[in-house]
Structure formats: C-alpha cells, structure tokens
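The values are calculated or read from the model by the stated rules, or taken from the named source; none is laboratory data. This is a predicted model, so every value here is computed, not measured. Here the Cβ is made from the backbone with ideal geometry for all residues, glycine too, and neighbour counts use every protein chain on show.
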C-alpha cells in the first residue's frame with residue numbers, strides 16, 4: 001500500500017502541473033481553484049497512506065484514504081474537465097471517507113503508543 005501512496009503523490013504532482021500549465025488557458029479561475037483543491041487533498045491522502053503504511057495495525061484506514069481520494073479529488077477533476085456540476089455531490093462522500101481514514105489512523109496510533 002505504501003507504493004500506492006507514492007504513486008498517488010507522483011500523480012498529484014503531475015496533475016498539479018497539468019492544471020497550472022495545460023488547463024490555465026481553458027478553465028475559469030474558479031475551476032482552477034477547484035482543480036488545485038483536488039490536487040491538495042490527493043496529496044494529503046497520499047501522505048497519509050505512506051505514513052500509515054509504516055505503522056503497525058489494520059490497513060482499513062489506508063483504504064478509506066484511498067477511496068476518499070478517488071471520490072473527493074476524482075469528482076473535482078471530472079467536474080472541472082466535464083462541466084457536470086452534479087459531480088460536486090460526490091465530493092463530500094470522499095471527504096467523509098478521508099476523515100474516517102485519518103481518524104482510524106489516529107486510533108491505530110493510540111493503540112500502538
């Protein structure tokens with residue numbers, strides 16, 4: 001799972017650069033901010049997956065972070081590229097999954113301290 005976290009981080013850098021360069025001319029400033037939010041939260045999830053995979057315990061928190069990143073960031077990317085505003089309704093589900101992942105990582109840390 002740690003390798004997935006590194007891959008997610010690398011993809012986050014690539015998507016950030018894509019947004020800053022390739023999409024700058026085509027997206028509105030508002031949608032560029034939305035794109036950047038997706039990238040930022042993808043990076044948070046990547047860091048959580050990498051750090052969490054170094055901690056003993058359940059891997060369930062890592063799956064929540066991965067799913068959360070897919071739903072949260074993925075829905076924002078698709079919203080920006082497609083203009084389908086209804087995708088914004090999926091974003092909070094991803095946020096909830098990431099919150100759950102971080103809380104479960106905290107619980108694992110408490111158990112191991």
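Worth a mention:
- Exactly one residue among 43, 54 is within 20 Å of residue 3 (Cβ to Cβ), out of contact with any strand residue (DSSP E or B) (no Cβ under 8 Å at 6 or more places or on another chain) and surrounded by 14 or more Cβ atoms within 10 Å (Cβ to Cβ), and that residue is 43.
- Any hit, the stretch 86-97, residues being within 26 Å of residue 17 (Cα to Cα), without any contact (Cβ under 8 Å) to a residue 24 or more places away in the chain and part of a loop (DSSP other than H, G, I, E, B): yes
- Residues that are touching a residue at least 40 places away in the same chain (Cβ under 8 Å) and assigned to a loop (DSSP other than H, G, I, E, B) within the stretch 47-85 comprise 54, 55, 56, 57, 58, 59, listed in sequence order.
- Selection count where residues are assigned to a helix (DSSP H, G or I), surrounded by 15 or more Cβ atoms within 10 Å (Cβ to Cβ) and more than 12 Å from the chain's Cα centre (by Cα), scope the stretch 19-40: 4
- Meets criteria (on the phi > 0 side of the Ramachandran plot, surrounded by fewer than 16 Cβ atoms within 10 Å (Cβ to Cβ) and in contact with a helix residue (DSSP H, G or I) (Cβ under 9 Å, 6 or more places away or on another chain)) for residue 88: no
- Residue among 25, 10 that alone is modelled with pLDDT of 95 or more and over 20 Å from residue 97 (Cβ atoms): 10
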